[in-house]
1. Considering amide H positions built from the backbone, and no H for Pro or chain starts, which residues 5 or more places from GLY44, or on another chain, come under 5 Å of its amide H?
2. Listing ARG69, ARG3, ARG95, ARG54 from the residue with the fewest other Cβ atoms within 10 Å to the one with the most, what is the order?
3. Let me check I've understood the local charge: for THR52, count other residues with C-beta under 14 angstrom from its C-beta, Lys and Arg +1, Asp and Glu -1. What total comes out?
4. Among residues other than LYS152 whose Cβ falls under 10 Å from its Cβ, what is the net charge (Lys/Arg +1, Asp/Glu -1)?
5. May I ask you to evaluate 6.51 cos²θ - 1.76 cosθ + 1.60, the Karplus curve with θ = phi - 60°, for each residue of the range 38-44 and list the ³J(HN,Hα) values in order in whole Hz, giving x for glycine and proline?
6. Given H placed on each backbone N at 1.01 Å, which residues far from THR53 in sequence or on other chains put an amide H within less than 5 Å of it?
7. Which net charge results for the neighbourhood of GLU89, defined as the other residues with beta-carbon distances under 14 angstrom from its beta-carbon, given Lys and Arg at +1 and Asp and Glu at -1?
8. Over 25 Å between Cα atoms: which of LYS134/LYS186; LYS134/LYS160; LYS150/LYS186; LYS152/LYS186 fall into that group?
Amino acid sequence: MIRLFAVIFAAFLLFALPQDTFGMGTEDFGNAPLNEGNYGSFPGVMGIVNHTTRVYHWWCNGNEMFFFRGDVDQLNDALEQFSASEAEEHLVVIRPATGDTKTFKDEGTVAYNWSFQLVGGISRGHPEKLTGSKSPVLTIELSDEIPLDKLKLPRGVTLKPATEKTIAETSAATADAAKVYAARVKEIEAFCNSRVK
């Protein structure tokens, strides 16, 4: 009887007391090649996944982000690699701001010019909460290193301007910066619209 009580009490402590829980996620820095076996659901993406300009990568519950930093020629090469993949849609989003992302452990930020997102695993059940697409998405962050007029967009990519975010969500802290941001949004929209056949 005492043994049964001890087992029940131990089970109670195990489930009733607060515990730390951790999400399934991982990150890595640099461009060490990732294993092609992990990307069987996304045929042909290894050219972009293992692009030499990759600076950071994270995976969480199937949502996977790759961050790259390079010049416009390297981006144009990455766009070619992306368009060669076997995805149903090759969505390219253009944003009017430079990019940086926080690391998992919030140890700082990583600057980047473009990112690439794959939605798989648990995340694939709710893509609308992420990109709105189950297809891979390449997002370009415009900057002096990535001028809009130097982009070479391969056939088969679908261009989309980023949805305009509120000024509070951008780095635009002043009225002048807000005007520059709004002008860039219009420039991107015109660029995207000019390429719709």
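Any read-out appearing in this document is the output of simple, stated calculations on the displayed coordinates, not a laboratory observation. All of these numbers come straight from a predicted model, not from anything done at the bench. So basically every Cβ, Gly included, is an ideal-geometry build from the backbone, and we count neighbours across all protein chains shown.
1. Under 5 Å from the amide H of GLY44 lie the amide H atoms of GLU86, each far enough along the sequence or on another chain.
2. Working: ARG69 18, ARG3 7, ARG95 21, ARG54 25.
The order, fewest Cβ neighbours first, is ARG3, ARG69, ARG95, ARG54.
3. Numbers: positive: ARG54, ARG69; negative: ASP71, ASP73, ASP77, GLU80.
Net charge in that neighbourhood comes out at -2.
4. Numbers: positive: LYS150; negative: ASP73, ASP77, GLU80.
Surrounding charge for LYS152 is -2.
5. Each residue of the range 38-44 in turn: 7, 10, x, 6, 10, x, x Hz.
6. none
7. Working: positive: LYS134, ARG155, LYS160; negative: GLU86, GLU88.
After counting each charged neighbour, the total is +1.
8. Details: LYS134/LYS186 27 Å; LYS134/LYS160 15 Å; LYS150/LYS186 17 Å; LYS152/LYS186 20 Å.
Going by Cα-Cα distance, LYS134/LYS186 fall outside the 25 Å limit.
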